[in-house]
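Undergrad: Have a look at this one before I ask anything.
A short reminder: the numbers here are calculations on the coordinates, not readings from a lab. Here the structure is a predicted model, which means the values were calculated and not measured. Using ideal geometry, Cβ is built from the backbone for each residue, glycine included, and neighbour counts are taken over all protein chains shown.
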Ligand SMILES: Cc1cc2nc3c(=O)[nH]c(=O)nc-3n(C[C@H](O)[C@H](O)[C@H](O)COP(=O)(O)O)c2cc1C
């Protein structure tokens with residue numbers, strides 16, 4: 001287990017793809033602990049509208065991975081076309097990492113899908129904000145709790161192109177429940193992660209007015 005200060009945890013929880021240990025299973029008890037931490041997140045009106053679908057069954061993972069890869073292939077082709085055939089070096093690195101994960105998606109040790117009650121796409125804007133604001137904070141808490149236990153996660157959303165099909169695979173009632181994302185989860189290889197390059201904070205912070 002890494003020994004991290006709160007700021008180290010918050011600044012080094014990266015999208016883990018190439019360093020995911022695909023061979024090592026994650027005990028259900030560890031995943032349960034991470035969900036318990038996630039369920040301490042704040043929610044609109046204290047509604048706690050969440051459900052967490054944790055998938056470790058190989059057949060179901062393989063079925064989900066087929067939809068993910070289909071969506072990823074279309075997304076990757078669009079990106080290259082939009083960039084005029086060639087990506088810049090930083091985007092190219094990210095794309096190579098994302099492709100690696102997409103190709104091995106069926107092998108990830110655990111897929112965790114934080115869901116929220118109701119169909120958020122059928123709500124007015126403030127209802128959508130309440131729903132997304134409630135589930136996203138829980139999802140990120142899951143990622144932080146996982147990292148604190150030596151697990152790597154990657155927040156993914158591309159399977160949502162086929163949300164209905166994935167709902168069917170998992171027995172989720174599509175009309176009553178919105179899937180927010182799919183967190184690929186497994187132990188990571190290597191020791192540490194570094195903070196990522198970011199814009200100058202003074203260019204992005206606005207005191208008192210924009
Ligand atoms: C809303 C959201 C959607 C994302 N969707 C995907 C995805 O479908 N597939 C993927 O490989 N990564 C996905 N990512 C991961 C991002 O690519 C990653 O967080 C970003 O490149 C920064 O990398 P870092 O976290 O290592 O700094 C997503 C991240 C967020 C926040």
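Undergrad: For residue 23 and residue 104 in one chain, what is 0.36 nm times their gap in residues minus the Cα-Cα distance, to one decimal in nm?
TA: 28.0 nm
Undergrad: Measuring from label point to label point, each 7 Å out along Cα→Cβ, what is the residue 75 to residue 90 span in nm?
TA: 1.9
Undergrad: Right, something else. What FRET efficiency comes out for residue 204 versus residue 47 if R0 is 30 angstrom and r is the Cβ-Cβ distance? Round to the nearest 0.05.
TA: The formula returns an efficiency of 0.45 here.
Undergrad: When the chain is fully extended, how far beyond the present Cα-Cα distance does residue 136 get from residue 168, taking 0.36 nm per residue of separation?
TA: Between residue 136 and residue 168, full extension yields 9.3 nm more.
Undergrad: Related question: Just to compare against my own numbers: the Cα pair-distance distribution for segment 119-169, 5 Å bins, whole % per bin, please.
TA: 4, 17, 16, 21, 22, 13, 5, 1
Undergrad: What shape does segment 78-141 have by the C-alpha gyration tensor, where a ≥ b ≥ c are the square roots of the eigenvalues, rounded means a/c under 1.5, and otherwise prolate means a/b greater than b/c and oblate the rest?
TA: oblate
Undergrad: How long are the semi-axes of the equivalent ellipsoid of the chain, taking √(5λ) for every eigenvalue λ of the Cα gyration tensor, in whole Å from largest down?
TA: After diagonalising the Cα gyration tensor, the semi-axes are 24, 23, 22 Å.
Undergrad: Next question. Could you work out which residue, out of 71, 173, 141, moves most in a Gaussian network model of the chain, that is, has the largest mean-square fluctuation with Cα springs under 10 Å?
TA: In the Gaussian network model the winner is 173.
Undergrad: Let me ask something else. Which shape class applies to segment 57-100: rounded if a/c is under 1.5, otherwise prolate when a/b exceeds b/c and oblate if not, where a ≥ b ≥ c are the square roots of the Cα gyration tensor eigenvalues? Kindly include the intermediate steps, with their values, before the conclusion.
TA: Working: a/c = 6.07, a/b = 2.18, b/c = 2.78.
In terms of gyration-tensor shape, oblate.
Undergrad: Counting each pair of different Cα atoms once, what's the Kirkwood radius of segment 102-210 in Å, rounded to one decimal?
TA: The Cα-based Kirkwood calculation yields 16.3 Å.
Undergrad: Using 1/(1 + (r/R0)^6) with R0 = 25 angstrom and r between the beta carbons of residue 36 and residue 119, what's the FRET efficiency to the nearest 0.05? Walk me through the intermediate numbers first.
TA: On the way: r = 27 Å, r/R0 = 1.07.
Calculated value: 0.40.
Undergrad: Could you work out the helix-only [θ] at 222 nm for the chain, with each DSSP H run of four or more residues adding -39,500 (n - 2.57) and the total divided by the number of residues, to the nearest 500 deg cm²/dmol?
TA: Theoretical 222 nm ellipticity from helices: -14000 deg cm²/dmol.
Undergrad: I'd like the distance between the alpha-carbon centres of segment 88-130 and segment 177-210, rounded to an integer number of Å.
TA: 14
Undergrad: What is the gain in length, in nm to one decimal, between residue 157 and residue 176 on full extension, counting 0.36 nm per residue of separation less the C-alpha to C-alpha distance?
TA: The residue 157-residue 176 span can extend by a further 4.9 nm.
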